[in-house]
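Right, one structure below, let's go through it.
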Amino acid sequence: MALFNLTDLAATLAREARLLGIDPGRKQVGLAMSDVSRMVATPLETVKRGKLGAMAEHIRALAAKHGIGGMVVGIPLSLDGSFGPAAQASKDWATALSDQTGLPVCLWDERLSSSAVNRMLIQEADLSRSKRNEVVDQLAAAYILQAALDCLPRT
C-alpha cells in the first residue's frame with residue numbers, strides 16, 4: 001500500500017472505520033484506537049517489538065476485531081523538523097507494515113509525544129517509573145492519534 005496524507009487516508013475509509021495509532025519504539029510499540037466517529041483516541045495496548053510479520057499478523061487481527069480501516073504511525077522528526085535517519089527507519093517500517101497488513105497508512109509527527117506523556121504521568125498521576133513504563137507507549141500512541149484526529153475535517 002502507499003503512504004497517504006491524513007486527509008486522503010480519511011477519504012479512503014469506510015464510514016465507521018476506526019484508525020489505529022501506532023507509536024513505534026525500539027523495544028515496544030504502543031497502540032491506540034479511535035472511536036467509530038474518529039473523534040477520540042483511546043490507548044489500546046503495548047506490544048513488544050519483534051519481527052514485522054508477527055506485528056502485521058497482530059494488527060490484522062485487531063483490524064478484524066475492531067473494524068480498523070487505517071493506521072496513523074508516529075514518525076520521529078528531528079527537533080528542527082528535518083527528516084533524519086530515525087524518521088526514515090519509521091517510514092520504511094510503516095510502509096512495510098502497510099504492505100503486510102493491507103491497511104493504508106499515514107505518518108504523523110510524534111516529536112516529544114513520549115516526553116509529554118511522561119510529564120503528564122509524573123505531574124498528574126504521580127506514577128513511579130515502572131508504572132509509567134507499562135503505559136507510556138500506548139498513551140503516546142493515543143497522543144499521536146488524537147493530534148491527527150483533531151486535524152481531520154468534520155462534515
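Each value in this text was obtained by applying a stated rule to the coordinates, not by laboratory testing. The structure presented is a predicted model; accordingly, all values stated were derived computationally and were not measured. Cβ coordinates were reconstructed from backbone atoms using ideal geometry, including for glycine residues, and neighbour counts include every protein chain displayed.
Structure above, values below:
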read-out	value
Inter-site label distance for D80 and T7 at 7 Å from Cα along Cβ, in nm	2.9
Sparse-neighbourhood loop sites, trypsin sites (Lys or Arg not before Pro) in the range 1-46 - DSSP loop, at most 12 other Cβ within 10 angstrom	R15, R26, K27
Using a Förster distance of 25 Å, the FRET efficiency for Q100-K48 (Cβ separation, nearest 0.05)	0.90
Whether the range 2-49 is rounded, prolate or oblate, judged on the alpha carbon gyration tensor where a/c under 1.5 counts as rounded	oblate
Fully extended contour minus Cα-Cα distance, from D92 to E16, at 0.36 nm per residue	24.6 nm
Residues D137, D80, sorted so that the one with the fewest Cβ neighbours within 10 Å comes first	D80, D137
